[in-house]
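Below are the structure tokens for one structure; questions will follow.
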Amino acid sequence: MKKIIILFTGLIMLGASSCSDFLDVKPTNSGDSKESVKTPADAQVMINGLMRNMISSDYYGRNFVLYGDVKGGDLTIYSQGRGLDGLYTFNHLPSTGSNSGFWSQIYYSILQANSLLDGIKKQEAAGVSGFDSYKGQALTARALMYFDLVRLYGKAYDDDKTSYGVPNITEPLDAAAQPLRATVEQNYAQILADLKAGAPLLSKAKTPGYINYWTNIALQARVYLYMKDYTNALKYAEEIITSTVYPASALYSNSNWVSSWASQSGSESIFELVITPTEGDLTSSSLGSYLRRKGHNTSTVLGWFMASDYYLNLLKQDPTDVRWGILAADESSSTRLGAVYKYSGSTTLAGDGKGNASAVNIKVIRLSEIYLIAAEAALSIDKAKAASYLNAIRKRSPALVPATALTVNLDMILDERRKELIGEGHIFFDMIRLNKTITFNDEFGAIAVTTRPKNITRAFYRTRLPISNAEINANPGLKPQQNSGY
């Protein structure tokens, strides 16, 4: 942690070109954090910077989303050595392949949120008002970041919630501080505390590119689902579903589901991070490019990842499923539709209206996911309701028989999550939280993998990332807290 904090001391917003004025805000660790935020306008600048940092290649801009898909069995690789193979092969060690960028990037963003919250606290104590929305956004963003961190480094909540999660840091720290890991349970408690504190401060109006009340409520539904608190997961999912802001008509119809990927802030968008061609666009290293067919539009697109046979067989249950529309032929043949084009806007690289197919907004939370959360949460409470919520998404496979209270089950809901959310970073975390066996399509590219078996469950130690040696060297107290197996 010291390494991250020292970096933070030098520059509060490394690379925050989305708002050049941000660099004029005094860094918290250089003195009194009250100086960082003097007015609500300062807070807005800092929120802009925070959103910009979340689209780093080490976070939602690429690697975190790929982590959730590549490791879950629905994506595979055709050839080794193209880049990020370690995600697929689980080639993680504290010394190499640790993916330490997740730890440093997300904690860097948490420290930004902490600086903003500390500055607001001091200004409010001095009688300055107008900070509610920014405080709510910072709290909700911090909750999301801790949720992502604990899923990367900790066990599933119902596996062993007393095991190590990640350090809980909720205020700016001295550069010499060396915080230790909290438990998974303590992390989740902090996540919920932030969400509960943030919700009443946020606007219920749609705010494209920013966190609002509905983002917070959607996150609460997601977090409670991971905790297997189905009553609360259903409660918060239904608050969105029954709202006038997200009526049933907001779900994409079968005729506009494919085209929705070529637009920004559509009717299903609850929270998406904005990427523009001049800021945050990773071009041929973008999320969309990593899922695109090799050589499509540029020779620097290497065909990194593609849909597995297992995913394609699932989709083949209905040849008329509308979700075939975001798939195109991969390099293996002209008929195997393994290339995923959600984050290219379309199979013809339409982008999402910005004139650059790689600068497509990252959909962090969509309404479809909320319906699937509601279906899973209702399964043990009201099977008829579970079937109804599932069918709202299952109808995208028009040839499939709708679920009923008698036929709906968890595997059916999980299959629908896989079909709907591919490329959005969910399947690995779903398989871990549900303790399902993940099977990898190594034979597709004749890939020899020595760092994991073909089939794994969450008992496999490499389903949790190691803390890198660099972090342990900076904070030796973390060494005895290293994840087991490393």
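The values are calculated or read from the model by the stated rules, or taken from the named source; none is laboratory data. On a predicted model such as this, the values are computed, not experimentally measured, just so you know. Neighbour counts are summed over all protein chains in view; Cβ atoms, including those assigned to glycine, are modelled from backbone coordinates with ideal geometry.
Could you tell me whether any residue of the range 366-388 is surrounded by 24 or more Cβ atoms within 10 Å (Cβ to Cβ), out of contact with any helix residue (DSSP H, G or I) (no Cβ under 8 Å at 6 or more places or on another chain) and farther than 27 Å from Y213 by Cβ?
No, because not a single residue in the range 366-388 is surrounded by 24 or more Cβ atoms within 10 Å (Cβ to Cβ), out of contact with any helix residue (DSSP H, G or I) (no Cβ under 8 Å at 6 or more places or on another chain) and farther than 27 Å from Y213 by Cβ.
Is it fair to say N114 is closer than 17 Å to I47 by Cα, over 18 Å from the mean Cα position of the chain (by Cα) and in the same structural domain as G61 (by TED's automatic domain parsing)?
yes
So that you can scan it fast, the table gives a plain yes or no per residue for (1) of a type in the set (F, W, Y); (2) part of a loop (DSSP other than H, G, I, E, B); (3) at negative phi:
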position	(1), (2), (3)
S397	no, yes, yes
L406	no, yes, yes
L414	no, no, yes
G425	no, yes, no
V449	no, yes, yes
P466	no, yes, yes
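Being part of a helix (DSSP H, G or I) and within 25 Å of W103 (Cβ to Cβ), is that true of even one residue in the range 234-257?
Checked the range 234-257: no residue is part of a helix (DSSP H, G or I) and within 25 Å of W103 (Cβ to Cβ).
Exactly one condition in (1) at pLDDT below 95; (2) buried (at least 23 other Cβ atoms within 10 Å of the Cβ); (3) part of a loop (DSSP other than H, G, I, E, B) is false for G15; which is it?
The number of the failed condition is (2).
Consider G72 against the criteria (1) part of a loop (DSSP other than H, G, I, E, B); (2) more than 20 Å from the chain's Cα centre (by Cα); (3) not polar (S, T, N, Q): it satisfies all of them except one. Which criterion is unmet?
All conditions pass for G72, except number (2).
A follow-up question, please. Output the number of residues of the range 445-479 satisfying the condition of being more than 23 Å from Q80 (Cβ to Cβ) and either among the aliphatic types (A, V, I, L, M) or outside the structural domain of Y67 (by TED's automatic domain parsing) (or both).
Adding up the residues that qualify gives 6.
Keeping to the range 204-217, report how many residues are in a helix (DSSP H, G or I), within 16 Å of T244 (Cβ to Cβ) and in contact with a Phe, Trp or Tyr (Cβ under 9 Å, 6 or more places away or on another chain).
2
Further question on the same structure: Could you list, in sequence order, all residues of the range 453-486 that are surrounded by 15 or more Cβ atoms within 10 Å (Cβ to Cβ) and over 26 Å from the mean Cα position of the chain (by Cα)?
Listed by number, the residues that qualify are A474, N475.
Looking for whichever is polar (S, T, N, Q), closer than 30 Å to K294 by Cα and surrounded by fewer than 21 Cβ atoms within 10 Å (Cβ to Cβ) here; the options are S104, S79, S95. Which one fits?
Result of the check over S104, S79, S95: S79.
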